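Below you'll find the structure, written out as structure tokens, and then a few comments.
The values are calculated or read from the model by the stated rules, or taken from the named source; none is laboratory data. Nothing here was measured: the structure is a model prediction, and the numbers come from that model. In this analysis, Cβ positions are derived from the backbone assuming ideal geometry, glycine residues included, and neighbour counts consider all displayed protein chains.
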Amino acid sequence: MTRAATNLAPEHAPKMARLSLAARLEPWAPLMLVPALILAGWLSIASPSSWLTLTVSGLAMGMMIFVIASGMTLVFGLMDVINFGHGAFVSFGAFVGVSVLLVLTGMTGAPSLVLNLLAVGLAILAAMAVTGAMGFAFERVIVRPVYGSHLKQILVTMGGLIVAEQLIHVIWGGEEIFIGRPEMLKGSITLFGATLEKYRLVAVGLGLVLFLAMRAVLRGTKLGLIVRAGVENPDMVQAMGYHIRRVFVLVFVAGSALAGLGGVMWALYQEMITAHMGMEIMILVFIVVIIGGLGSVEGCFIGALLVGLMQNYTAFLEPKLALISNIALMVAVLMWRPQGMMPVIKAK
Amino acid sequence: MSDPILTLRGVKTDIAQYHILHGVDLDVPRGQVTMLLGRNGAGKTTTLRTIMGLWRAREGSITLDGTEISGRTPPQIARAGIGFVPEDMGIFADLTVEENLILAALSGPLPEDRKDWVLAAFPALRTFWKMPAGNLSGGQKQMLAIARAVIEPRQLYLIDEPSKGLAPAIVATMARALRDLKREGASILMVEQNFSLARALGDHAAVMDDGRIVWAGAMAELATDTALQERLMGLKMEVA
């Protein structure tokens, strides 16, 4: 028996190799891209106040794109579903939210931050409720029959997007709608000589809170563990006793509701909404989802900030390049990491 | 055989256009270890995956402790009381060792006594407790896969080739843990190609070929009958 005991597997205490600084920093490289881009912006923009304005604007834009893209990346990672219809939830969210704000002009027009934020909060809740319910129906009717077939998913969800856009024309008419920001979110503050729009600061704060909340759910709750495990190996999650389909529907609904929330944020950012705003923003959302690494919320967050900053910096430095700057960013990231910055390891 | 924990009758499973199981009849006795043996491609893994509901049986019945489970979904079958260790281990590489185990505990937090037992059986898991499971070696991943299945008591454990690709020292650790589990009175159905390990752990054996059970009986009988081994499995080995 003693002899048998010596045959047992040794306790493999990990032996740590002495890695070079570069090798130790390598896994953290994506995290450093945002500060690196901000620094590059600082070096290339001569005026510090313009740089600060552009940085806050870029971060605000990035946060909004993150809110929209986060649900999509999880749906993509969890069930391998490419949902081109995600943009419909952005547009619908914006129209529902703006309609609520137009009703609540008494609250939005009052010079009270509490009332203003309450109005925006109600608009967001209404938008999320409607787009969440739409997401539930969308998953049932449009997505469920085409699981496992990417080509069909692209065609069918694209069709869903077109139908949703036309539905907006039917309900709200074909014209764009202009929406002013609530009274206390109008205007800007001056910091170090830079003009910072109040609303953009609110958007940055809201995006950050959402990211931290999402991270806390994914890292700290059992539901989060099931989602993360399901992105890697849904079959095994099922064999361990969890109904991955139900979790998927929940994630789809939550992702749609977040897109609706992003739509309201975007509407107040642009101060104008159109039926096809969702489709337009989807180009940036796809870039973010791809460079972040499919299924990765952290990667999506970093990718969104990079896209937002890049867009704002290049629009200032070389407006003609603004359109292609994000495509160039995607190409550069994919040449560096073909699976995206923080890919989720798939079991398949 | 009285009161088996699991019974398969005439189970037929197709994968795409291929007929893989051609009518499997199998009884897994309660509180004992049954080894499912057979050459590659005989249908052993498909049998386990069919029991788990990961492949749907086209025909036949599967009962767990008297309850029909064929046609149920994998989560329902798992919650009916089956712990499953798949051939590819199914480790969640992005989750830590601890998170992998938390996920496996269906009824709430990790039960302390089982956790202590698992960590005593597989000390490597304690070392890597807070690290992503993707960093583990092949043997450690297999230990985690078994730990996950046994972290809560189950009615039946399905274990698919736990010794596959592992060094003898790790197989010995695994065998000791499985022996502990067996002493606890667990019912186990295990696929194993390593006949020495199968012989050491198994009470019963069932040999598969071409999607059917071609022999079933006591492991002691199979272990001592070299002619039978050769006929059933093409084995030619010295019996110690």
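With respect to the conditions (1) within 13 Å of the chain's Cα centre (by Cα); (2) in a strand (DSSP E or B), residue B:193 falls short on a single one, namely (2). Of all residues in the range B:107-147, exactly one satisfies the criterion of being under 19 Å from the mean Cα position of the chain (by Cα), at the interface with chain A (Cβ under 9 Å from one of its Cβ atoms) and of a type in the set (A, V, I, L, M), namely B:143.
Considering (1) in a helix (DSSP H, G or I); (2) surrounded by fewer than 23 Cβ atoms within 10 Å (Cβ to Cβ); (3) among the β-branched types (Val, Ile, Thr); (4) in contact (Cβ under 8 Å) with a residue 60 or more places away in the chain, the lone condition that residue A:114 does not fulfil carries the number (4). If the condition is being farther than 20 Å from residue A:258 by Cα and aromatic (Phe, Trp, Tyr), then the range A:209-245 contributes only A:242.
In this structure, residue B:225 does not qualify as acidic (Asp, Glu) and either at pLDDT 90 or above or surrounded by 15 or more Cβ atoms within 10 Å (Cβ to Cβ) (or both). Of the residues A:142, A:226, A:124, the single one that is modelled with pLDDT of 95 or more, aliphatic (A, V, I, L, M) and under 21 Å from residue A:250 (Cβ atoms) is A:124.
For the range A:28-55, enumerate the residues that are of a type in the set (Val, Ile, Thr) and over 30 Å from residue A:252 (Cα atoms). Matches in the range A:28-55: A:38, A:45, A:53, A:55.
Could you check, for the range A:322-337, whether at least one of its residues is under 30 Å from residue A:173 (Cβ atoms) and either in contact (Cβ under 8 Å) with a residue 60 or more places away in the chain or part of a helix (DSSP H, G or I) (or both)? Yes, the conditions are met somewhere in the range A:322-337. Closer than 26 Å to residue B:14 by Cβ, touching an Asp or Glu at 6+ places or on another chain (Cβ under 8 Å) and in contact (Cβ under 8 Å) with a residue 40 or more places away in the chain: does that describe residue B:61? In short, yes. Being touching a helix residue (DSSP H, G or I) at 6+ places or on another chain (Cβ under 7 Å) and at pLDDT below 90 narrows it down to one residue among A:21, A:59, A:31; which is it? Selected residue: A:31, the only one of A:21, A:59, A:31 that is touching a helix residue (DSSP H, G or I) at 6+ places or on another chain (Cβ under 7 Å) and at pLDDT below 90. Scanning the range B:161-169 for residues that are surrounded by fewer than 21 Cβ atoms within 10 Å (Cβ to Cβ), closer than 24 Å to residue A:219 by Cα and of a type outside the set (D, E, K, R) turns up nothing.
Considered as a group, the residues in the range B:154-195 that are among the β-branched types (Val, Ile, Thr) and within 13 Å of chain A (Cβ to nearest Cβ) include one that is farthest from residue B:41 (Cα to Cα), and that residue is B:173. Do we find a residue being surrounded by fewer than 23 Cβ atoms within 10 Å (Cβ to Cβ), farther than 21 Å from residue A:342 by Cα and over 16 Å from the mean Cα position of the chain (by Cα) anywhere in the range A:255-270? Yes, the range A:255-270 contains at least one residue that is surrounded by fewer than 23 Cβ atoms within 10 Å (Cβ to Cβ), farther than 21 Å from residue A:342 by Cα and over 16 Å from the mean Cα position of the chain (by Cα). Scanning the range B:153-177 for residues that are in a helix (DSSP H, G or I), small (Gly, Ala, Ser) and in contact (Cβ under 8 Å) with a residue 12 or more places away in the chain returns B:175, B:177. Considered as a group, the residues in the range B:55-90 that are of a type in the set (Val, Ile, Thr) and touching a Leu at 6+ places or on another chain (Cβ under 6 Å) include one that is farthest from residue B:133 (Cα to Cα), and that residue is B:62.
Residues that are at the interface with chain B (Cβ under 7 Å from one of its Cβ atoms) and outside any helix (DSSP H, G or I) were ranked within the range A:191-242; the one that is nearest to residue A:266 (Cα to Cα) is A:233.
Residue count for the range A:238-254, restricted to those that are surrounded by fewer than 20 Cβ atoms within 10 Å (Cβ to Cβ) and either over 17 Å from residue A:83 (Cβ atoms) or among the hydroxyl-bearing types (Ser, Thr, Tyr) (or both): 2.
Scan the range A:289-308 and give yes if some residue there is in a helix (DSSP H, G or I), among the hydrophobic types (A, V, I, L, M, F, W, C) and over 25 Å from residue A:218 (Cα atoms), otherwise no.
No; the residues of the range A:289-308 include none that is in a helix (DSSP H, G or I), among the hydrophobic types (A, V, I, L, M, F, W, C) and over 25 Å from residue A:218 (Cα atoms).
Look at residue A:150 and say whether it is touching a residue at least 12 places away in the same chain (Cβ under 8 Å), surrounded by fewer than 19 Cβ atoms within 10 Å (Cβ to Cβ) and touching an Asp or Glu at 6+ places or on another chain (Cβ under 9 Å). For residue A:150, the condition - touching a residue at least 12 places away in the same chain (Cβ under 8 Å), surrounded by fewer than 19 Cβ atoms within 10 Å (Cβ to Cβ) and touching an Asp or Glu at 6+ places or on another chain (Cβ under 9 Å) - is met.
Given A:256, A:188, which one is away from chain B (no Cβ under 14 Å), hydroxyl-bearing (Ser, Thr, Tyr) and under 20 Å from residue A:133 (Cβ atoms)?
Working: A:188 fails: under 20 Å from residue A:133 (Cβ atoms).
Exactly one residue qualifies, and that residue is A:256.
Each residue in the range A:167-216 was checked for being exposed (fewer than 14 other Cβ atoms within 10 Å of the Cβ) and either without any contact (Cβ under 8 Å) to a residue 12 or more places away in the chain or touching a His at 6+ places or on another chain (Cβ under 9 Å) (or both), and 10 of them qualify.
Just wondering, is there one or more residues in the range A:172-182 that are over 29 Å from residue B:82 (Cβ atoms), touching a Lys or Arg at 6+ places or on another chain (Cβ under 6 Å) and either assigned to a helix (DSSP H, G or I) or more than 14 Å from every other protein chain (Cβ to nearest Cβ) (or both)? First the steps, then the outcome.
Here is the first cut: in the range A:172-182, the residues over 29 Å from residue B:82 (Cβ atoms) are A:172-182.
Remaining after also requiring touching a Lys or Arg at 6+ places or on another chain (Cβ under 6 Å): none.
Scanning the range A:172-182, I find no residue that is over 29 Å from residue B:82 (Cβ atoms), touching a Lys or Arg at 6+ places or on another chain (Cβ under 6 Å) and either assigned to a helix (DSSP H, G or I) or more than 14 Å from every other protein chain (Cβ to nearest Cβ) (or both), so the answer is no.
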